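All remarks here apply to the structure that follows.
The values are calculated or read from the model by the stated rules, or taken from the named source; none is laboratory data. This structure is a prediction, so every number in the text was calculated from the model and none was measured. When we count neighbours, we look across all protein chains shown, and the Cβ atoms used for this are built from the backbone with ideal geometry, even at glycine. The accessibility values were calculated without ligands, DNA or RNA, using every heavy atom of the protein model including side chains. Shrake-Rupley method; radii C 1.70, N 1.55, O 1.52, S 1.80 Å.
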Amino acid sequence: QVQLVESGGGLVQAGGSLRLSCAASGRTFRSIAMAWFRQAPGQEREFVATVSKSGSKTDYTGSVKGRFTISRDNAKNTVYLQMNSLKPEDTAVYYCAAGAFGPGSSDTLYDYWGQGTQVTVSS
């Protein structure tokens, strides 16, 4: 079992920045790949970014490339999502996910999910 707790969401103006954090517990953090997904109102959940178990490999959905950075600190059992140049279309609930068979963009790779944190970007 893995427990995930997200933090760092909030309200920000377009062009601003936020850093999301996801603290993991319950399993050796180094053995699981991590990812961020998001879900906007009325839309399906979508992949945002993923990072490998060691942190050496990352991947992003096209709409956030160059603006978002995923990273992890295995000593702190935490994964981060640095979000810069935020746009109103980034508004969503952001979910942290963990799975032994990642990294990847499919949500089927991830067995554990956090409760989500709201990110709202005003225009």
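Observations on the model:
- Solvent-accessible surface ranking, highest first, for Lys65, Lys53 at 1.4 angstrom: Lys65, Lys53
- DSSP beta bridges in the chain [antiparallel fraction, %, rounded to 5]: 90 percent
- Taking a ≥ b ≥ c as the square roots of the eigenvalues of the alpha-carbon gyration tensor, the range 1-98 is classed prolate because a/c is 1.5 or more and a/b outweighs b/c.
- Per residue accessible area of the chain, 1.4 Å probe, in Å²: 49 Å²
- Shown are Glu6, Glu46, whose ranking by accessible area with a 1.4 Å probe and every protein chain present, most to least, is Glu46, Glu6.
- Each label was represented as a point 7 Å from its Cα along the Cα-to-Cβ direction; for Lys87 and Ser7 these points are 3.1 nm apart.
- Accessible-area order (highest first, 1.4 angstrom probe) of the listed residues Thr78, Thr108, Thr120: Thr108, Thr120, Thr78
- Comparing Gln82, Gln43, Gln13 in a Gaussian network model of the chain where C-alpha atoms under 10 Å apart are linked, the largest mean-square fluctuation is found at Gln43.
- Farthest toward the positive end of the dipole of the chain, out of Asn84, Ala40, Ser54, is the Cα of Ser54, where the dipole comes from beta carbon charges about the Cα centre.
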